[in-house]
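Shown next, in structure tokens, is the structure this report addresses.
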Amino acid sequence: MTDIGPLEWIKLAIFYVSYLYVVAAPTAFWFAIIKDGVWRWGAILFLIVITLLAYGRFVEPRILLTHEHNIALDTCFESSGAMRVAVFSDTHNGLFKNAMPIKRIVKAVEASKPDFTVIAGDFIYFLAPEWFEETFGPFADLSAPVFAVLGNHDIGLPGPDLTAPLQAALPVHGVRLIDNEALILSNSQFAIELVGLSDQWGRRQDLTLLEPDLNKPRIVLTHNPATVRDFSTTTKTDLLIGGHTHGGQIQLPMVTCVMTGVCGDNASGLRMEKGVLIFTTPGTGMVGLPMRFRMPPRIDMLNISYSRCPSYERDNFND
């Protein structure tokens with residue numbers, strides 16, 4: 001941990017006080033047995049509440065799911081293709097020791113056999129650079145190429161700005177950072193442009209990268225999917241991939257939506273906004289509270305396909 005303030009100390013206190021469940025639960029259970037009337041029902045209600053909290057603190061953050069998604073891009077291109085992309089984000093290693101370990105994430109990604117992996121930022125949550133080697137070392141075990149951008153917590157919004165240490169540490173373990181960089185990725189099955197945009201909160205995004213039209217699918221990776229609201233009419237994006245929302249992290253029916261605005265497919269999954277297809281992954285870690293509820297850590301596998309335009313087929317036939 002590094003440069004934590006009073007608020008983070010409170011969060012840490014919640015993290016450790018939660019271990020008192022092992023005392024509180026048997027006590028509440030005993031009261032429910034020996035008491036009558038309002039005391040009994042009060043003890044039962046208390047036991048239910050703290051057990052749900054304990055589930056969100058001790059159980060759900062350690063559940064790692066892998067979800068499959070089939071995405072067919074609407075636009076046609078100079079050639080057809082298909083790819084399998086592993087997506088995750090918001091690992092937030094640091095303050096909370098119950099965050100999903102990178103080693104487990106890597107193992108699950110390897111089992112899914114992607115063509116490449118993209119990580120949508122927020123690697124840390126008050127993690128000191130001296131722990132980077134131990135924390136991120138397992139990334140080296142990923143056999144397919146890995147591309148990533150940084151998130152708001154990585155660049156110090158909030159917390160310390162650890163951009164430089166992350167830029168130094170992650171490539172050592174095979175993670176290529178592509179903040180404000182465009183790449184052409186291709187093999188016998190696909191040919192695409194992958195564009196990485198820096199985090200929206202940092203206000204340094206190079207949106208001009210989205211203006212040229214290469215007649216190839218353009219997949220844009222950024223941390224905050226709200227980046228789409230900064231797009232102009234001249235930008236071209238076939239699929240935007242982001243994280244940041246944590247899927248709400250603690251998903252209480254109606255409450256989370258009203259309090260945070262993280263609702264439905266804005267929380268996670270596929271949606272359209274401003275004519276752009278957006279996929280939001282709910283992440284694997286936590287901020288605020290050391291809990292996840294009804295939104296377990298997740299890796300998303302995107303099976304992306306796209307088609308060749310008939311006009312290209314006619315041109316080639318005429319040639």
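The values are calculated or read from the model by the stated rules, or taken from the named source; none is laboratory data. Note that the structure is a prediction, hence the values are computed from the model and not measured. Here Cβ is always computed from backbone atoms with ideal geometry, including for glycine, and neighbour counts include all displayed protein chains. The area values use the complete protein model at the heavy-atom level, side chains included, leaving out ligands, DNA and RNA. Shrake-Rupley method; radii C 1.70, N 1.55, O 1.52, S 1.80 Å.
Take the solvent-accessible surface of the protein heavy atoms, probe 1.4 Å, and return the percent of it on the chain that carbon and sulfur atoms account for.
Working: 9120 of 14870 Å².
The value for the chain is 61 percent carbon and sulfur by accessible area.
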Cut-off 14 Å between beta-carbons: net charge of the residues surrounding ARG57, Lys and Arg +1, Asp and Glu -1:
+4
Sticking with the crude label model, points 7 Å out along Cα→Cβ, report the distance from VAL172 to ILE34 in nm, one decimal please.
5.7
Per-residue accessible area for GLU134 at 1.4 Å probe radius, Å² rounded to 10?
130
When the chain is treated as a Gaussian network with springs between alpha carbons less than 10 Å apart, the largest mean-square fluctuation among LYS216, LYS11, LYS35 is found at LYS35
Among VAL172, VAL23, VAL195, which one shows the highest mean-square fluctuation when the chain is modelled as a Gaussian network with alpha-carbon springs under 10 Å?
VAL23
Is the C-alpha gyration tensor of region 1-72 telling us rounded, prolate or oblate? Criteria: a/c under 1.5 is rounded; beyond that, a/b larger than b/c is prolate, otherwise oblate.
oblate
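Could you please put SER268, SER79, SER186 in sequence from largest to smallest accessible area, using a 1.4 Å probe?
Numbers: SER268 25, SER79 45, SER186 80 Å².
Sorted descending by solvent-accessible area, the residues read SER186, SER79, SER268.
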If you line up the long axis of helix 6-17 against the longest principal axis of the chain, both from Cα atoms, how many degrees apart are they, to the nearest 10?
60
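Magnitude of the Cβ-charge dipole of the chain, K/R +1 and D/E -1, about the Cα centre, nearest 20 debye? Show your work: numbers first, answer last.
Values: 25 positive and 32 negative charges, 259 e Å.
Value, rounded to 20: 1240 debye.
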Most mobile of ASN215, ASN152, ASN266 per a Gaussian network model of the chain (Cα springs, under 10 Å)?
ASN215
